[in-house]
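These notes are about the structure you will find just below.
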Amino acid sequence: MPKNRKDADKKHVQEDGLNRRDFFKAGAAAGVAAGAIALSPTQAAAFGPGDAPRGPGDIEWDYEVDVVIAGGGCAGLTAAIRARDLGASVLVVDQNFDLGGRMLHSGAWLSLGGDDPIQKRDAAGLFDDEGFITVPPSVSPEELDDSVDLLFKDVTDWSIVDTKAQSPYRYNQRDLMRAWAENAGPTRQFLMENYVRFSRITGTHGGGGLSRARAPWAFLMLGDRTDMRAGTITEEDAGIVDSERTSAFAPVKMGRANNNVGPGAVQNGVALARPLEFSAREKGVQFMLFRHFDEIIREEPTAGRVLGIKASYTPRHDPESGELLRSWWQNGNIDERRETIHIKARRGVVLASGGFAGNPEVRSMFYPAFREPAFVTSGYGLQGPHGQDASALIAGMKVGANLAGMQQNLSYPTTFHISGRLGTRDAYTAVYPGHPAFKFRKSTGLGIGGSGWEELIAVNQVGKRFFNETRLADRPAGNNWPAGPNRGQPRSNLDHVPTDWRNCSAEWVRQMYNYDHGLDAALAMNEGSQPPDYHSGPIWAIFDQATADRTGWNLRFPFISDEDGYSFRADTIQELAGKIFARHPFQRVPLRYLSQTIDTWNGYVEAGEDPEFDRHVDGPMHTILEPPFYALSIVAVWHDSYGGLRVNPQQQVLDVKGEVIRGLYAGGEAVGGFNKHGLGKGHVHGYVAGTYVARDPN
Amino acid sequence: MGQEANEIELQEDDRRGLDSIAVEILTGDIDVGSEVWLKATISCGESRDLSGATLVIKDHEGREVATAEVAYDGYANRTERITVTAPATPGIYEWTATVPAFETDTDEYGETSAPIQLEVNVFKTHVLVWDIPPTIVTGETFRLKVGMRSSSGGSVAGRAGAVIDHNGNEVAAFAVGDETRPGTDALYFAELSLQAPAETDQYQWRVMVPASDDEPPHREGTAAFKLRVVPRPDSLVTIEVVDRENETPIKGCTVVMHPYRAQTDENGVAQLRVPNGTYSVVVSGKKHIAARRTLEVNGDTSSRAALDFDHEPTEAAIWG
């Protein structure tokens, strides 16, 4: 194993374009041939929680396995299958009751490219081998004509800026991007070998480069049984039988994939996460759920090889019945309920436990106002309080790991934004009753789209307006370049000239800059911000019965709930303010200006002009006079995070001297230096980490 | 909203004393028998951690009504929100907040206390006015709705009130009905028919509801509302609103030619009678993006507005 980064680079160069294919073939063979896993609970815990061992020599390992993976999401499941295919025994620990992480509630629009078999299939006008796809390719062969070199150039393009004038690719770590570009195609192939079906390519997902179309959707076909081998799912499991219910299989209802696949197909993260989980279980990967990865155990505190992990019990119970929740599939699960255990990793540990968007203390280093704990990360209900809690970052720093790309948390258009889903805390996704996570959030939320904002006023925790409501939820659009269309991608990406200085000239930025900073006004200090935290507090959409009648909004369960403290109805504005203060968990101060704000607003409507925020410029204004009155919470979502542990092209974690921490790998949101949103980063990292950890000499 | 925080400087005794106990009353106007929320901050000069101290609230008769733990947040020593119940009869009451003697790791503190003044009133009468036409032609009869609600949440069925015009003259008397308005818990209402002034102008009128001595007694209530009295219109403006993609009419769109406004019917048509002039027309539908144009009105005029549907943003639009 290389001892330092220089060696690692050399090794990487030597293996360039060579070993990935060999690994794949070897992996496939190993998957078939693998026998029983040497995974054995060695003994009962030798010490209780809190009795931290003095050093690794004192540790009595509770389990021993070749590869331990922290987190069963897009990076973790991929790494697990890959390492298992290569003959390793693999144990995945995950803090939640079910697998898939946030991949499970994602859209599954997976941007890869380079040497991508789906690009080649679509470019040739071919269909999938199973014959599920019945629609022709969505984009031209020219837009699918990709290469590893072009992908590498794209994801290191210094010149691209978005409509907030941020540079998504400029600060990416170059060696990491080369490895990603080389492994993107093989990762696609690998996922397909593990029961994932991909639709037509329809564009390129954020951070995946601009020059070509690279992202298809994962899909399943509706059928009379749910069978990952056959690629079918029942309507019930897909969550599409009842418009206001979903299933325990699919936290977010699957969507019709008519345009991307054809009739009878459904798509979203379920079609990606469930096939991978099924394959992992089938191949003998073992899982320990309710098991939170806490610490990395290294030979010396900040030196030597990584030996294993310490992990704690984080059970989740049904809030109504009190019963312990269960994962959808059980095969391969290890039921371990001791408070703290130690797991030895003979070959290595892979940190795939996500980022830190759910940890207000950590994320506050990028945006101090976002230490406000009222605002959670997306998937809060699904993942629970330990989701995205910075565990990899915290544990990595403790053993001397370096960080990378931390400033990139501020350079992605929608890392944080105001959600158009009102009246629920977990506002990023719509989860309906039928999935266990619903009971933790209690409401689905009321989606008001972009046009709904003109129907209400938004007030801060003291009841004062703070921004033009119709612009509050605007997000900066994606990357813009002079030669291409004004918004979005990829349909004429061929027009785009990579690494051209005109892409970010001052003249061009002045012309295309388009961001209103409503989120920043929402997080601003106000009369209710008290020391020492000066939190901005919750924000509220206020409207009246006339709005409810005019819009036809579904102001009822499951969209809003009388029980969760995120939506209120009252006969008078005074009573409304009193209810919010009494029952919202983060309403720390009375909304003492609310009545006055409503009077002032009604005066603006009567005058036809909003001198404070120019609402009259953007749409009609409506009085708030007719009882009853409504308040729905407006939520700022910190969706994902980009900075993280620094790794080399083999996904080995590096220390502050640039040296490899032997036996420690990381991928996905745990890793920094790559400003790629979503799944494309995680799956490739998992594939690479699984490849190398399985061969790590112990 | 809220009463002044009560604060008192305390004498030092032989043990260390607290400098002050400040009790903030978080509830606005306090009604008889209502829930009152308090929050206390205690301090002792330099910023010291006084965790472990307890705050005791005693009522005007010296009865203990609540206790709360004091916690230090790195800045101040505060209690969580404390809930007490106001006395059942109106008046000004002096309660006390006391921190009994306590010890921290380093210091001993003597007992200290501070007064809390509660002003307790009979129930409030909230008055609401809605469904006021945005414009009313001079001298015409118009309708609006008046509602009443007791801060007790109890019935106010049959209570009487009056509408007072801009000159202070009573122009209508009314009593609210026996039924609560649908969707409300305790809002009683009446629909009134009124006559607009003869002169074009903007007026402020009021609804007055006198105090009531019936059990339980209530304070008086009032609500101001505005009337915009406009000249007789010259022309009829017809706006047809359609979806830009499929050309289908959109029902329920708002059309504003300030101060005139209307909603589109099943055929996507809104009609507004306006004086001639130049208007900025804003058109918006519930699931369509608002659009604006300038319209010159010199006679009956028709115009068509094609609105863009508010599609869910695509992944490419969000993440591109």
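The values are calculated or read from the model by the stated rules, or taken from the named source; none is laboratory data. Values in this document were obtained by computation on a predicted structure and should not be read as measured data. Quick reminder, even Gly has a Cβ in these numbers, built from the backbone with ideal geometry, and neighbours come from all protein chains shown. Each accessible area value is taken on the protein alone, full model and side chains, heavy atoms only, with ligands, DNA and RNA left out. Shrake-Rupley method; radii C 1.70, N 1.55, O 1.52, S 1.80 Å.
Using a 7 Å offset from the Cα along the Cα-to-Cβ direction at both residue B:56 and residue B:29, what is the distance between the two label points in nm, to one decimal?
Between residue B:56 and residue B:29, the simple spin-label model gives 3.5 nm.
Once the whole set of protein chains is in place, how much accessible area is left on residue A:147, using a 1.4 Å probe, in Å² to the nearest 10?
Approximately 40 Å² of residue A:147 is accessible to the 1.4 Å probe.
Residue farthest toward the positive end of the dipole of the protein assembly as shown, with Cβ of Lys/Arg at +1 and Asp/Glu at -1: which of B:262, A:508, A:340?
Result: A:508.
Size of the dipole of chain A about the Cα centre, Lys and Arg at +1 and Asp and Glu at -1 on the beta carbon, nothing else charged, in debye to 20? Don't skip to the end; give the middle numbers.
Working: 73 positive and 85 negative charges, 346 e Å.
Its charge dipole is roughly 1660 debye.
Just checking the output field for B:252-263: average partner chain Cβ neighbours within 10 Å of each residue's Cβ?
Values: counts 4, 2, 7, 1, 7, 1, 8, 4, 0, 5, 0, 1.
Per-residue shielding by partner chains comes out at 3.
Average partner chain C-beta neighbours within 10 Å, per residue of A:603-609?
Values: counts 1, 0, 5, 9, 5, 8, 1.
Mean shielding by partner chains, rounded to a whole number: 4.
What is chain B's relative contact order, in percent, from Cα pairs under 8 angstrom and six or more apart in sequence? Walk me through the numbers before you get to the answer.
On the way: 821 pairs, mean separation 35.8, N = 320.
Dividing the mean separation by the residue count of chain B yields 11 percent.
Please give every one of the aspartates and glutamates within straight-line cross-link reach of residue A:676, meaning a C-alpha to C-alpha distance under 19 Å, and leave out same-chain neighbours fewer than 8 residues apart.
A:115, A:116, A:146, A:149, A:154, A:157, A:162, A:175, A:182, A:640, B:315
Give me, ordered by chain and number, the residues 5 or more places off residue B:288 or on other chains with an amide H under 5 Å from its own placed amide H.
Here the answer is B:310, since their amide H atoms fall under 5 Å of that of residue B:288.
Please give the peptides A:300-311, A:606-617, A:201-212 ranked by average Cβ packing (other Cβ atoms within 10 Å per residue), highest first, as a rough proxy for protection.
Numbers: A:300-311: 18.6, A:606-617: 17.1, A:201-212: 27.4.
For the peptides A:300-311, A:606-617, A:201-212, the packing ranking is A:201-212, A:300-311, A:606-617.
Using only the alpha-carbon atoms, how far is helix A:679-693 inclined from the longest principal axis of chain A? Give it as 0 to 90 degrees, nearest 10.
So the inclination is approximately 20 degrees.
For the cross-link pairs B:145/B:251; A:398/A:681; A:253/B:286; A:579/B:39; A:120/A:164; A:253/A:681, which exceed 22 Å when the distance is taken from alpha carbon to alpha carbon? Intermediate values should be presented prior to the final figure.
Values: B:145/B:251 25 Å; A:398/A:681 25 Å; A:253/B:286 24 Å; A:579/B:39 18 Å; A:120/A:164 34 Å; A:253/A:681 24 Å.
Over 22 Å Cα-Cα: B:145/B:251; A:398/A:681; A:253/B:286; A:120/A:164; A:253/A:681.
Roughly how compact is the range B:235-307, stated as its Cα Rg over 2.2 N^0.38 Å to two decimals? Let's see the in-between values first.
Numbers: Rg = 11.2 Å, N = 73, 2.2 N^0.38 = 11.2 Å.
Scaled against compact globular proteins, the figure is 0.99.
Students often check this: by mean Cβ neighbours within 10 Å, which of A:133-146, B:84-97 ranks highest, and how do the rest follow?
Sorting A:133-146, B:84-97 by mean packing, highest first, produces A:133-146, B:84-97.
Note the angle between two axes, namely the Cα long axis of helix A:594-607 and the longest principal axis of the Cα atoms of chain A, as a number of degrees from 0 to 90, rounded to the nearest 10.
The two axes meet at around 70 degrees.
Could you give the distance between the Cα centres of the range A:88-102 and the range A:415-436, to the whole Å?
Each part's Cα centre sits 24 Å from the other's.
Set Lys and Arg Cβ to +1 and Asp and Glu Cβ to -1, take the dipole of the protein assembly as shown about its Cα centre, and tell me which of A:423, A:123, A:240 lies farthest positive.
A:123
Which lysines have a Cα less than 17 Å from the Cα of residue A:283, not counting those fewer than 8 places away in the same chain?
A:25
Tell me the angle of helix A:5-15 to the major Cα principal axis of chain A, expressed in degrees between 0 and 90 and rounded to the nearest ten.
Roughly 70 degrees between the two axes.
If ligands, DNA and RNA are left out, what is the accessible area of residue A:74 with a 1.4 Å probe, given in Å² to the nearest 10?
30 Å²
Please state the shape class of the range B:53-154: rounded when a/c is under 1.5, otherwise prolate if a/b exceeds b/c and oblate if not, all from the C-alpha gyration tensor.
Since a/c reaches 1.5 and a/b is larger than b/c, the shape of the range B:53-154 is classed as prolate.
Taking each residue in A:624-631, count the Cβ atoms of any other chain within 10 Å of its Cβ, then average. What number comes out?
Working: counts 1, 9, 9, 11, 6, 2, 1, 0.
For this peptide, the per-residue mean of nearby foreign Cβ atoms is 5.
How high is the relative contact order of the range A:117-272? Use alpha-carbon pairs under 8 Å, at least six apart in sequence, and give a whole percent. Display every interim value, and only then the final one.
Values: 267 pairs, mean separation 34.1, N = 156.
It rounds to 22 percent for the range A:117-272.
Can you bin the range B:3-121 into rounded, prolate or oblate? Criterion: square roots of the alpha carbon gyration tensor eigenvalues sorted a ≥ b ≥ c, rounded for a/c under 1.5, prolate for a/b above b/c, oblate for the rest. Mind dumping the intermediate values first?
Working: a/c = 2.23, a/b = 1.92, b/c = 1.17.
Taking the square roots of the gyration eigenvalues as a ≥ b ≥ c, the range B:3-121 is prolate.
Note down the relative contact order for chain A as a percent, whole number, built from C-alpha pairs under 8 angstrom at least six residues apart.
Details: 1748 pairs, mean separation 140.9, N = 698.
This gives 20 percent for chain A.
Decide, for the protein assembly as shown, between rounded, prolate and oblate: order the square roots of the alpha carbon gyration tensor eigenvalues as a ≥ b ≥ c, take rounded if a/c falls under 1.5, and otherwise choose prolate if a/b is larger than b/c, else oblate.
Numbers: a/c = 2.28, a/b = 1.37, b/c = 1.66.
Oblate, since a/c reaches 1.5 and b/c is not below a/b.
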